[in-house]
1. Once both labels are modelled 7 Å past Cα along the beta-carbon direction, what's the Glu135-Arg52 spacing in nm?
2. What ratio of Cα Rg to 2.2 N^0.38 Å holds for the range 18-153?
3. Would you mind computing, in nm to one decimal, how far apart the modelled labels at Arg80 and His156 are, each placed 7 Å from Cα along Cα→Cβ?
4. Counting each pair of different Cα atoms once, what's the Kirkwood radius of the range 20-92 in Å, rounded to one decimal?
5. One quarter of the convex hull surface, Cα atoms only: what value does that give for the range 88-140 in nm²?
6. To the nearest 20 Debye, how big is the dipole of the range 18-153 about its Cα centre, given +1 on the beta carbon of each Lys and Arg and -1 on that of each Asp and Glu?
7. Rounded to the nearest 0.05, what FRET efficiency is calculated for Glu142 and Lys63 with R0 set to 30 Å and r the Cβ-Cβ distance?
8. Where the centroid of each part is defined by its Cα atoms, how far is the range 125-142 from the range 39-90 in Å?
Amino acid sequence: MRTSTSCSVSFVKAGSSSTSRFVSGLAAAPAYAGIVAVAAGARLLALLPLERLERVVELGRPKTPRSPAQTEMTAERVERVLFRSKTVLRHTCLTRGITRYFFLRRAGADVRLIFGLSKMDGRHVGHCWIVRDGEIYAEASEPLGQFTDVYVLPSH
């Protein structure tokens, strides 16, 4: 039996847009991996008492904020990872809220993570969401008016 193998290699000129996208993608890989790790662990973090959760998510937060462009780049990366990981990670408001808060806070954004309760159809329901620069951030539906705030990060 005769087998044939072939190898196709394409070379891209240095400085081309394909090369720069590839290089910038490689440079961003650790950031994306970190976002995936926090998103994957968010449900475990949510089991912590809220005061302890706050201490954990505030660990290592830089004292000086990043530039607005860096903050926006971080926000875009977080949203990209959350969107693309829907099939792998079970997304709940806790996954999204903790992940967004963790990274946006480190990037210097003015964010709060709000935990609220409501009574719907005779049972208590919880939800959390992000407020960024005073506005509800990346929520499919408006939580205000439906939920009563019970805890807010940062607490001070």
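1. Placing both labels 7 Å along Cα→Cβ, they lie 3.7 nm apart.
2. Against the compact-globule rule of thumb, the ratio is 1.10.
3. 3.5
4. With all distinct Cα pairs of the range 20-92 included, I get 14.0 Å.
5. Quarter of the Cα hull surface area: 4.5 nm².
6. Roughly 520 debye, rounded to the nearest 20.
7. Here the calculated transfer efficiency is 0.30.
8. Taking the Cα centre of each part, the range 125-142 and the range 39-90 sit 15 Å apart.
No value in this document is a laboratory result; all are computed from the given coordinates. For clarity, every value in this text was computed on a predicted model and none was experimentally measured. Note that we place each Cβ from the backbone using ideal geometry, even for glycine, and neighbour counts take in every protein chain shown.
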